[in-house]
Protein chains: 2
Amino acid sequence: LHKDDCTMVIFGGTGDLARRKLMPALYNMQLEDKLPDKFSVIGVGRKEHNTAGYRELLSAAVAEFSTQTWDPDAWHSFATRIQYISSDVEDPASFQVIKTFIQDHTNQKEAVHNYLYYLAVGPHLFLPIAKNFSGPMSEGELEGWRRIMIEKPFGQDLATARDLNKAFCASFSDRNIYRVDHYLGKEMLQNIMVVRFVNTVFEPLWNKDYIDNVQITVAENDGIGIRGDYYDRTGAMRDMVQSHLLQMLAVTAMEPLRSIDEERIVSSKVNLIRALTPWPGDKIDTTMVLGQYRGYLEEKDVATDSSTETYSALKLAVNTPRWQGVPFYLRTGKKLEEKQARVTIQFKEPLSNDVNLILNTLSLEKNRLLNLLVIKVQPQEGLAFQFNIKKPGSAIEIVPAEMDFCQPCAFLINSPEAYECLIEDAIQGDKSRFSSWNEIESSWTLIDELFKSYKAGSGKLNLYEPASWGPRQADSILSGGKVRWWS
Amino acid sequence: LHKDDCTMVIFGGTGDLARRKLMPALYNMQLEDKLPDKFSVIGVGRKEHNTAGYRELLSAAVAEFSTQTWDPDAWHSFATRIQYISSDVEDPASFQVIKTFIQDHTNQKEAVHNYLYYLAVGPHLFLPIAKNFSGPMSEGELEGWRRIMIEKPFGQDLATARDLNKAFCASFSDRNIYRVDHYLGKEMLQNIMVVRFVNTVFEPLWNKDYIDNVQITVAENDGIGIRGDYYDRTGAMRDMVQSHLLQMLAVTAMEPLRSIDEERIVSSKVNLIRALTPWPGDKIDTTMVLGQYRGYLEEKDVATDSSTETYSALKLAVNTPRWQGVPFYLRTGKKLEEKQARVTIQFKEPLSNDVNLILNTLSLEKNRLLNLLVIKVQPQEGLAFQFNIKKPGSAIEIVPAEMDFCQPCAFLINSPEAYECLIEDAIQGDKSRFSSWNEIESSWTLIDELFKSYKAGSGKLNLYEPASWGPRQADSILSGGKVRWWS
């Protein structure tokens, strides 16, 4: 694979994301020889550091957060690639330091002229920074390419997302804007496409005829921690549903591709997101439930009368011929019982008339006959398949059984971290694992519509106990009482 | 469940089957409280033993061969139920001893009047014994029921099977004749029906549209041991294919049942066996391969010029709408590489045109895309499912993965031994797990036809090395070279 030499400029170079995710990912890439030969990293932050101090700070972070073992030689090789620039990115004068640096650098012979920017800062800084990209920082002015990676959430609603996009498009063409949703870099999310399409046992069954419902859960057991300022302005719908959960839904439900290329993957996902609506015929109360964990109002940097949701559950319809009548249940929340991200496919009960006759003679609990395919995205990675067998012994009694596939156990390696895949893709110019503007636009359209209906309806915020599975009202959106949340 | 009090009379009471299987099964049933309150066992054998000596002989056998732990109290309770009668069953005068015993017994008040006979003798003794059943031993003459369990093989071909059946029918009505194929008592064989019919992920796919081929393997690593006299007159086709392999095929391929009762199971299996033919259009050489292991001619009690097959491989067609064009490959043999009995379902490659387009862009080896469902009957019991996933890493590379279900691990108990289930069924009068006369008749019809064609063709017997997977000629019956034997 082609690896373009480049310089990566990380805005927010001393922040949480850089220390916990980006630098450990780059260090792993160094270990695995995935970095271009000529590759350097410039951390940009408000804090005063010299490069030596910055490298020291990162060495501690990488040792703590890298999923790979600590290799002093590899660290040393990587550390020599790192520099630091102190700059207040909201201040155009201060921003000039970076421009000058790039200008000088680009004038040097033998220098690398390609720049990959990474906005690892709070989303309130996206717009101020975007407005400062010009001259040598932007595309076309000087030699080499300019690409920009932007963390989610991309906007707070459709209007702000449009503003933001306009600002970036002033300095970059769309093909150089990489909107990050790091779930798209997760191994098992990419695997959903393969599991669906390249297995005869699943491919013909992946539709309304055989699937009863689909559940997508992204549960966190942590609270909001020190991110109260950001979180209280954002909430579960904007922080998680608009990005991670809709992307999980899209790869699970999108139409088959005619080839695996960026354009087709993106357009298949866009079509899917555009086909999403609240469950038709339901009132908003039985298609959307918001919650807040008890104690949230006492968290640091949270308004004492905040109505920000820390939990959200939705029942969505996918209005395509493949999915008529199949509810897609989404839920996500903070301070839930267990940390887990997974997609659960609940198959219908056996359809054959003959089989139904057998089942009647056995007077079984119907609910026990379902088949489940669970795609585990994190923290475990793998698949679990629940099916039915005969209980050992002479009578015919049917009981559920489970088979499991553990991805890291099978390959004896950890999957590469999502951020490794995404940085590698950006260096190579592959956008298939990034959110396109069309996806962002259509997902905000849905989120805005949901909020509008919710506020016009009861607008109720349901309290729930920390370490529970969220407000009990979330059960009310499950069809007909025959369905339960799987976890 | 109803447990009829009865006396079980085991012909061949000191033989291999009684010592290794029947008595250990009865002892297990004693432990699990599955025996009727009034239940006794009479061993009948040519050897001179008193009852004390016979019990001692069995105690050693049960301690060695029972799958349960040794419990002196349970053994003592069971031993008091056992008696021994010495009799040469080929001699009508000697047989009279048994008749007199039953006559006397039946005249006693409070005595048990039901008799369950078990023919655990060599098949050459079936006909002589059958002719001696009369008077108090047979049905209808005196109080109580008379049932008879007969080990396989039931006959040596269609003609002898008919003679044998006629002889038994002279003393028993068909509903009291229990033709044993102990594979039908095996847990995983019964489980095939449940796995097929009661899982949405398998039921709609169990046909020619989604299945490429089915393979049924019963491999033994032992040779013929001390059974040369029996085996040399019988061979793999009559010893294994006519019974175990055709029964495995029948439960795998039969049409869905409208209810799980004896009559429907049996008639569905009969219809299936009647629909079997050699692969149409093929010469016999590419639909049937017989082999003999090197060294067989030196085995004890084997003719030095024997042409008995110790290995057989078949390619059969199931001429029902469900299975048009799907080959069923059967193979069984002695002295093969590994002891295993399993059914392997090889699914077709993904069918969707769209998916095929993807696969072409990935230039995959097509053969790697199959899905396999392996039903493990013995020595392991369980299921394995091979499917395709994405190899971890950034490129889209598709690799096979496996999920496993281990039946005894999941239930933390050993499945009951096949003979326990079958004796329990016979005591309760349930014939659903026995071979009906119609099944025997139609399976012999097929075996006779195959032998006839084989002799009219090359009639070749292929030598193979002990501890191999049999003669390499067996590969020639696999369609088109795209298929391989799974083991």
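The values are calculated or read from the model by the stated rules, or taken from the named source; none is laboratory data. Everything quoted here is computed from the prediction, not taken from an experiment. When we count neighbours, we look across all protein chains shown, and the Cβ atoms used for this are built from the backbone with ideal geometry, even at glycine. Surface accessibility is based on the protein's heavy atoms, side chains included, excluding ligands, DNA and RNA. Shrake-Rupley method; radii C 1.70, N 1.55, O 1.52, S 1.80 Å.
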When you go through A:Arg196, A:Arg227 one by one, which is the residue that is modelled with pLDDT under 95 and over 30 Å from B:Met403 (Cα atoms)?
A:Arg227
Of A:Asp174, A:Asp181, which residue is away from chain B (no Cβ under 11 Å), within 28 Å of B:Val399 (Cα to Cα) and either open to solvent by less than 10 Å² (accessible area, probe 1.4 Å) or more than 17 Å from the chain's Cα centre (by Cα) (or both)?
A:Asp181
Can you go through B:Tyr230, B:Tyr210 and tell me which one is hydroxyl-bearing (Ser, Thr, Tyr) and more than 27 Å from B:Gln324 (Cβ to Cβ)?
B:Tyr230
Tally time: how many residues in region B:249-274 are within 12 Å of chain A (Cβ to nearest Cβ), under 19 Å from B:Asn207 (Cα atoms) and open to solvent by 60 Å² or more (accessible area, probe 1.4 Å)?
2
Is it the case, given these coordinates, that B:Ala93 is open to solvent by less than 20 Å² (accessible area, probe 1.4 Å) and assigned to a helix (DSSP H, G or I)?
no
Answer yes or no: is there a residue in region A:220-243 that is over 30 Å from A:Ser307 (Cα atoms), within 16 Å of the chain's Cα centre (by Cα) and buried (at least 17 other Cβ atoms within 10 Å of the Cβ).
no
Mind listing whichever residues of region A:379-394 are open to solvent by less than 60 Å² (accessible area, probe 1.4 Å) and over 29 Å from the mean Cα position of the chain (by Cα)?
A:Phe387, A:Asn388, A:Ile389, A:Lys390, A:Pro392, A:Gly393, A:Ser394
Being among the β-branched types (Val, Ile, Thr), assigned to a helix (DSSP H, G or I) and over 20 Å from B:Glu449 (Cα atoms): is that true of B:Ile265 here?
yes
In region A:1-55, which residues are over 22 Å from A:Ile98 (Cβ atoms) and of a type in the set (S, T, N, Q)?
A:Asn28, A:Gln30
Checking the structure you have, find out if any residue of region A:8-17 is of a type in the set (Val, Ile, Thr), within 22 Å of A:Glu143 (Cα to Cα) and touching a strand residue (DSSP E or B) at 6+ places or on another chain (Cβ under 6 Å).
yes
Name the residues in region A:379-394 that are over 17 Å from B:Gln386 (Cβ atoms) and more than 7 Å from every other protein chain (Cβ to nearest Cβ), would you?
A:Pro379, A:Gln380, A:Glu381, A:Gln386, A:Lys391
So for region A:42-58 (the condition being closer than 28 Å to A:Lys186 by Cβ and in a helix (DSSP H, G or I)), does at least one residue qualify?
yes
Among A:Lys376, A:Lys431, which is the only one that is within 14 Å of chain B (Cβ to nearest Cβ), closer than 29 Å to A:Phe202 by Cα, in contact with a Lys or Arg (Cβ under 6 Å, 6 or more places away or on another chain) and crowded, with 20+ Cβ neighbours inside 10 Å?
A:Lys376
Test each condition in (1) open to solvent by less than 50 Å² (accessible area, probe 1.4 Å); (2) assigned to a helix (DSSP H, G or I) for A:Ile85 and report the one that comes out false.
(2)
In this structure, does B:Thr304 turn out to be at pLDDT 95 or above, away from every other protein chain (no Cβ under 12 Å) and surrounded by fewer than 19 Cβ atoms within 10 Å (Cβ to Cβ)?
yes
Out of all the residues in region A:316-326, which are touching a residue at least 60 places away in the same chain (Cβ under 8 Å) and open to solvent by less than 10 Å² (accessible area, probe 1.4 Å)?
A:Leu316, A:Val318, A:Trp323, A:Val326
From the residues in region A:275-288 that are assigned to a helix (DSSP H, G or I) and open to solvent by less than 60 Å² (accessible area, probe 1.4 Å), which one is modelled with the lowest pLDDT?
A:Thr286
Given A:Ala18, A:Ala61, A:Ala25, A:Ala74, which one is touching a Pro at 6+ places or on another chain (Cβ under 8 Å), within 30 Å of A:Pro379 (Cβ to Cβ), not in a loop (DSSP other than H, G, I, E, B) and not basic (Lys, Arg)?
A:Ala61
Residues that are farther than 19 Å from A:Ile192 by Cβ: which helices (runs of 4 or more DSSP H) entirely in region A:402-461 hold 2 or more of them?
A:418-428, A:437-456
Only one residue in A:Val218, A:Val201, A:Val214 is at the interface with another protein chain (Cβ under 9 Å from one of its Cβ atoms) and under 30 Å from B:Asn371 (Cβ atoms). Which one?
A:Val201
Could you list, in sequence order, all residues of region B:156-171 that are within 17 Å of B:Leu446 (Cα to Cα) and either open to solvent by 10 Å² or more (accessible area, probe 1.4 Å) or among the hydroxyl-bearing types (Ser, Thr, Tyr) (or both)?
B:Gln156, B:Asp157, B:Leu158, B:Ala159, B:Thr160, B:Arg162
Just to be sure before I move on: is A:Phe65 touching a strand residue (DSSP E or B) at 6+ places or on another chain (Cβ under 8 Å) and among the aromatic types (Phe, Trp, Tyr) in the structure I sent?
no
Pick from region A:403-414, criterion open to solvent by 40 Å² or more (accessible area, probe 1.4 Å) and within 7 Å of chain B (Cβ to nearest Cβ), ranking: modelled with the lowest pLDDT:
A:Ile413
Unique match (being among the acidic types (Asp, Glu), closer than 21 Å to A:Val241 by Cβ, open to solvent by 30 Å² or more (accessible area, probe 1.4 Å) and more than 9 Å from chain B (Cβ to nearest Cβ)) among A:Glu397, A:Glu441:
A:Glu441
